[in-house]
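Q: I have a structure I would like to understand better, so I am pasting it below and will then ask my questions one at a time.
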Amino acid sequence: MKKLLASLALASLIAAPALARRDTPDVQLQKLLAGRVAGKPVSCLPFSRASDSQIINGKAIVYKFGGTLYVNQPQSGADGLDDDNILVTRQFGSQLCDVDSVRLIDRSTGFPRGFLILGKFVPWTKPKAAS
């Protein structure tokens, strides 16, 4: 039993620095958007053109449309966002809009973890080079 406790204590000491180095959600978002400029928020996006999405834990969902990143900070439920979640979007029509809801499903268990209501989508683009 003493060996087991000692092993667990050692494992927690080894894992602690790795956990401590994880960036905060704000820092993660800043790194993702570095070198980009925010545009005017929009209410809807043509969801079929989205090529990728990324969850920023407890903060936002970032949708990729070509070279533009659209950041959505939900109106409610953002605290439940976790990069281990699967996003199940319920949309009305062909567009993803700021009134649509997203269910959060745990990736490993398949159990529901909550839901959120999307907010406005803020486009972030790289500025064009001056000629």
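Nothing in this text is a laboratory measurement; each read-out follows from the coordinates by a stated rule. Just so it is clear, the model here is predicted, and its values are computed rather than measured. Please note: Cβ atoms are built from the backbone with ideal geometry, for glycine as well, and neighbour counts cover all protein chains shown.
Q: Taking the stretch 50-86 only, how many residues are closer than 17 Å to PRO25 by Cβ, among the acidic types (Asp, Glu) and not in a loop (DSSP other than H, G, I, E, B)?
A: Residues in the stretch 50-86 being closer than 17 Å to PRO25 by Cβ, among the acidic types (Asp, Glu) and not in a loop (DSSP other than H, G, I, E, B): 1 in total.
Q: Across the stretch 54-72, which residue is farthest from the chain's Cα centre (by Cα) among those that are polar (S, T, N, Q) and buried (at least 17 other Cβ atoms within 10 Å of the Cβ)? Quick ask: steps written out before the conclusion?
A: Looking only at the stretch 54-72, we keep the residues that are polar (S, T, N, Q), and these are 54, 57, 68, 72.
From what's left, buried (at least 17 other Cβ atoms within 10 Å of the Cβ): 57, 72.
Numbers: ASN57: 6, ASN72: 8 Å.
Per the stated criteria, the residue is ASN72.
Yes/no matrix, rows are residues, columns are (1) closer than 16 Å to TYR70 by Cα; (2) part of a loop (DSSP other than H, G, I, E, B):
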site	(1), (2)
VAL88	no, no
GLY93	no, yes
ILE105	no, no
THR109	no, yes
PHE115	no, no
VAL122	yes, no
PRO127	yes, yes
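Q: So GLY77 fits all but one of (1) surrounded by 13 or more Cβ atoms within 10 Å (Cβ to Cβ); (2) of a type outside the set (A, V, I, L, M); (3) out of contact with any strand residue (DSSP E or B) (no Cβ under 9 Å at 6 or more places or on another chain); what number is the exception?
A: Among (1) surrounded by 13 or more Cβ atoms within 10 Å (Cβ to Cβ); (2) of a type outside the set (A, V, I, L, M); (3) out of contact with any strand residue (DSSP E or B) (no Cβ under 9 Å at 6 or more places or on another chain), the lone unmet condition for GLY77 is (3).
Q: I've got another one for you. Determine the pairs where a residue that is on the phi > 0 side of the Ramachandran plot, located within the stretch 94-115, has a partner that is among the aliphatic types (A, V, I, L, M) and surrounded by 16 or more Cβ atoms within 10 Å (Cβ to Cβ) with Cβ atoms under 6 Å apart, the partner being 6 or more residues away or on another chain.
A: So the pair list comes out as GLY114/LEU104.
Q: Being in contact with a Leu (Cβ under 7 Å, 6 or more places away or on another chain) and surrounded by fewer than 18 Cβ atoms within 10 Å (Cβ to Cβ) is the requirement here; does PHE92 meet it?
A: no
Q: Tally time: how many residues in the stretch 106-131 are farther than 13 Å from ASP84 by Cβ and touching a helix residue (DSSP H, G or I) at 6+ places or on another chain (Cβ under 7 Å)?
A: Quick first cut of the stretch 106-131, residues farther than 13 Å from ASP84 by Cβ only: 112, 115-131.
Applying the additional criterion that residues be touching a helix residue (DSSP H, G or I) at 6+ places or on another chain (Cβ under 7 Å) yields 116, 124.
Here the count works out to 2.
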